[in-house]
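Enquirer: Take this structure first; my questions come after.
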Amino acid sequence: MPVKPSLDPAFLKSLKGRRGWRTLRHHFREELAEFLGTFILILIGIGSVCQTVLSEGSSGSPLAIRMGFFMAVVLAVFAAGSQSGAHINPAVTIALAVHKRFPWSKVPWYIGAQFIGAFFGALVVYGNYINAISNADGGERTTADWDVSKEVHDRATAGMFTTFPAPYMDTVGAFFSEFLGTMVLVMGLMTITEARNPMAPTTFTPVAVGMVVLAIGVALGTETSFAINPARDLGPRIALAMVGYGSAVFVNFSYYFWAQSSAGVWCARSATGVDDNVV
C-alpha cells in the first residue's frame, strides 16, 4: 500500500477533475476495500435479522439469521480479500497487528474504514425497512432494557441493528460471552490463515471464515446475539442514535456497548497469546 499522503494543498488539488477518484482510490484502496467488505457484512447480516423479525418469522428464523451472517461474511471476504485481506473487524485487525502479521501504522486506517462501512450499511438497511419498522413499533423508536415492561421490550426494534444481552444476563456474563465468541473467531482465523498449517484452505478461505462465524452463531449466539465485532456493533449503534433512537442505544443495559467493544480488544491479545504459545 502506498504511504498515506498528507492533506497538503498539492494533494487536495490532485483530487479535482476526472482523475481525482483514481488518485483517491490508489492511495486508499485497502481502506476502501475494508469499507466495502464491512458494508456488505452489515447489509446482508442485519438485513437477514430485519427480515426475520419484521415478518414475525414468516420469512426467516434464528437459523436463517445465522446463515445470513455466514453468507455475508463469505461475500465480504470475496469482495475485499484481494485488496486488504478482508479483516472487516477491528478485533481481527488488532489481533493480526499483535501477532506481527500486520503493521500497526495501518491499524487506525483499517478500523476507521470498518466503522464507517458498518455505519453506512446500517443506514441503508434502515432506509430499506423503514416502513416495516414503523409498522412494527408504531413510529416510536424504542430500545429494550432490563427494567422496561414486556410490552416495550417486545416492541423495541433497536436490537435488530445492534446487539444487547438477553434479559436474564448481567454485564459480566455478557462480556464473557462476547469475549469467548470473539476469541473463537480470532483463533479460527489464525488457524485458517496460518502458512504452516497444511490443512489451511486456499481458494475456499472465505467459506471457511464464514463457517467459523456460523459455528459461533449456532453455539454461542443466544446470550448476546454474537456481535463478535466492535464495528458490527458500534457502527449501527451510532446510526440508530442519529435516526431517532437517541442515547438509549448507548445507555440501556448499563452502558453495555462498552462491554461488547472492549471484549473484542481484550480477546485479540488473548487469542494471539494462545495461538503463539499453544498451537
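Enquirer: Springs between alpha-carbon pairs under 10 angstrom, Gaussian network model over the chain: which of Q260, Q114, Q83 fluctuates most?
Expert: Residue with maximal mean-square fluctuation among Q260, Q114, Q83: Q83.
Enquirer: For q values of 0.07, 0.11, 0.16 Å⁻¹, compute log₁₀ I(q)/I(0) with the Debye formula on a Cα-only model of the chain, without solvent.
Expert: The computed values of log10 I(q)/I(0) come out as -0.26, -0.63, -1.24.
Enquirer: Okay, next question. Grab the Cα-Cα distance for E151 and S82, subtract it from 0.36 nm times how many residues apart they are, and report the gain in nm with one decimal.
Expert: That works out to 20.1 nm of additional length.
Enquirer: To continue, here is another question. At a Förster distance of 35 Å, what's the computed FRET efficiency of F204 paired with N128, Cβ-Cβ distance as r, to 0.05?
Expert: Between F204 and N128 the formula returns 0.70.
Enquirer: Measure nothing but the geometry: give the 0 to 90° angle between the long axis through the Cα atoms of 171-193 and the longest principal axis through the Cα atoms of the chain, rounded to 10°.
Expert: With rounding to tens, the tilt is 40 degrees.
Enquirer: Of the trypsin sites (Lys or Arg not before Pro) in segment 123-197, which ones lie in a loop per DSSP and count no more than 11 other C-beta atoms within 10 Å?
Expert: For trypsin sites (Lys or Arg not before Pro) across segment 123-197 that sit outside H, G, I, E and B with at most 11 neighbouring Cβ atoms in 10 Å, the list reads R196.
Enquirer: For every helix of n ≥ 4 consecutive DSSP H residues, a contribution of -39,500 (n - 2.57) applies; sum these over the chain, divide by its total residues, and give [θ] at 222 nm rounded to the nearest 500 deg cm²/dmol.
Expert: Result for the chain, helices only: -23000 deg cm²/dmol.
Enquirer: Could I have the simple spin-label model distance between S270 and L63, label points 7 Å from Cα toward Cβ, reported in nm to one decimal?
Expert: 3.1 nm
Enquirer: Where in the chain is the longest stretch that carries no GluC sites (Glu not before Pro) classed as loop by DSSP and with at most 15 other Cβ atoms within 10 Å?
Expert: 195-279
Bear in mind that the values in this text are calculations on the coordinates, not laboratory data. Treat the numbers as computed from the prediction; the structure is a model and nothing was measured. Heads up, the Cβs are rebuilt from the backbone with ideal geometry, glycines too, and the neighbour counts pull from every protein chain shown.
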